[in-house]
Structure formats: C-alpha cells, structure tokens
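Below you'll find the structure, written out as structure tokens, and then a few comments.
FYI, it's all coordinate maths here, none of it is from the lab. These numbers were taken from a predicted model, which means no experiment stands behind them. Note that each Cβ is placed from the backbone with ideal geometry, even for glycine, and that neighbours are counted across all protein chains shown.
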Amino acid sequence: MTGFSIDWLDLREGADRRARADKLLEQARHWLQSDAAPQSEINVVDLGAGTGSTLRAFSAASGSNQDSLSWHLVDQDAQLLAQARLRHEDSHRMQTHELDLSDISALPLEGVKLITASALFDLVSEDFIERLAAEMDRRCQQQAVGLYSALNYDGTTSWTPAHPLDEDVLKAFNRDQKRDKGFGAALGLNAGAYMERVFNSLGFSVYSVRSPWMLNGADSKLVDALIGGIADAVAQNPALNAASLQDWVQFRKSHSSGGTCTVGHTDLLALPKAY
C-alpha cells in the first residue's frame, strides 16, 4: 500500500474529525458496548491505523468508555505504528501489529467486536472487500462482528473560486485513484457503494452517511498539501498539458487562504442484522 507521512496524517486529522458523521460514530460506539459483560475486554481492530487517528476519534466521542476497549492497531508502516505507541501506549490498552494488510488470514481478528478503518477502503480492491466481508460473516457464526469505515473518498471535489481546469484535473485524479495501491485495482470513488452492496448481500445492516471535508482559509496548510498531492498524481496523465497544470497549481495555491474546497467522503457502518 502507498505510504503516508506523519506530517500529512497530522495535517488531515482535524478535517477528518470535523467530517466524521457523528451519528455513525456514536452508533459504532454503542455497538461496542452492546452485550458486553461488565469489566470485559472488547477488542477493536483498526486497519491502516497510521498514528491512531481512529482511536483518537473514539476517545473524543462523548461518553466513550475507553477502559474496556482493547485496540489492535494494524499497519504496514513501522514508523507510523511507533508514533502511535509514543502517543497512546500509556493512555490506552493497545497493541500494534506491523502486517501486510492484504493478507486477511494474518490479521489479529480473534475475538474482535469491531473492525475500524479511516481513509483506507478507497485504496483497496473489490477482492479485498469481498474477502474481508466473507471473513466477518464466517466469524459472526461464533461472535458478532461489525465494521466502521470512515472517510471513504467518493470522487467529488469542488473549489472556489473556480478554475477552467478543475473538472479535467478531477477526472484525471479519479482515474489515478483506481491504480493498484497494493491490493489490486483500487476501488477509488466506488468504495462506499461497493462495500454497501457486498455487506448487504451477506445480510448485514448497512448505514451510510456523507462525511465531506469542508475546507477554508483556516485549513490552508492542508489545502496546499492536497493541491500538491493531486498535481503529483495527475502529472503523467496525457490528457493534461503540463503548462496548464502548473497554472492550475499556482492558481489554486494563491487562493488556499481565501477560497474553499469541499472533498466528498462517505462513512459506513455494517452490523450483523440480528443487532
């Protein structure tokens, strides 16, 4: 899977936190406490955990009982996991696992109540989603397990003020999002809809809510980094003229403090139907 820097993850976390659908986060938190015996350990497996942003989102949720949660943070990047331990090992019951995320059989899913992920599933393939859903369905025969997936990119981005190249850049970026990120051809903007279809077919109850980034001048550092990342992703696209793309970058960055940017995402929660 393509790596992400600590700086980028830190830059986006505030926007992620604001964008998360509070309703689904609360529903996921409530699911964790359902049928739990007092003082029992509740296992949460966070895929593509990075430095622990999902753990922090749950910690910040009103009324969240962190004492009973045992977090298993899974990532392929040892540096990100080391940062997660540095930030949280003294304050949470937590283990980190440096693993190949595409190898579902290696994931620490024994006794898991909830699988979580943030900004991950638009990077994975149809096959990965199908295999993960099938594994969850199999495990539900012994112990119910749900999935909370936040911030799945939905292919929409809008800017103010507008630039003539905005639409062409977005089309090129969305094509790039379907490149193989280490799991096979990535779902990209189709991630949310595909997950909903797969989990519905297995009898899960699926809840989906929009969770867009709403960025303005207060997010100018994030916006600048986003513009640079988009430009890098589309630079080799033959449909875009290099000089025109550079003009777009300069225009967008000149308005990062005074303009706005909205990036579409969806949050999804899949729970066994009996619950």
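Here is how the numbers come out for the structure above:
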quantity	calculated
Cα gyration tensor, the range 20-163 - rounded (a/c under 1.5), prolate or oblate	rounded
The range 219-227 - phi-based ³J(HN,Hα) in whole Hz, Karplus 6.51/-1.76/1.60, Gly and Pro as x	10, 4, 5, 5, 4, 4, 5, 5, 4
222 nm mean residue ellipticity, helices alone, for the chain (DSSP H n ≥ 4; -39,500 (n - 2.57); rounded to 500)	-12500 deg cm²/dmol
Relative packing of 45-56, 24-35, which averages over residues the other C-beta atoms within 10 Å, highest first	45-56, 24-35
Proximal lysines to residue 253, defined as alpha-carbon separation beneath 25 angstrom and excluding residues fewer than eight positions away on the same chain	171, 221
Cα-projected label distance for residue 59 with residue 41, points at 7 Å along beta-carbon direction, nm	2.0 nm
Three-way shape label, the range 106-180, alpha-carbon gyration tensor, a/c 1.5	prolate
Karplus (6.51, -1.76, 1.60) ³J(HN,Hα), θ = phi - 60°, over the range 176-183, in Hz, Gly and Pro reported as x	5, 5, 9, 5, 5, 9, x, 10
Sequence-distant aspartates and glutamates (8 or more away, or on other chains) whose Cα lies within less than 13 Å of residue 178	122, 126, 154
5 angstrom amide H check on residue 70, placed H, neighbours 5+ away	42, 43, 44
Long-range amide H partners of residue 154 with built H, under 5 Å	264, 265, 266
Other-chain or far-sequence residues with amide H under 5 Å of residue 185's (modelled H)	none
Assigned charges on the beta-carbon of Lys, Arg, Asp, Glu; the chain dipole about Cα centre (debye)	500 debye
Inter-probe distance in nm under a simple model that places probes 7 Å from Cα toward Cβ, at residue 104 and residue 180	2.0 nm
Karplus 3J(HN,Hα) series, Hz, for the range 240-246 with 6.51 cos²θ - 1.76 cosθ + 1.60 (x for Gly, Pro)	10, 6, 4, 5, 5, 5, 4
FRET efficiency, residue 254 to residue 30 (Cβ-Cβ, R0 51 Å, nearest 0.05)	0.65
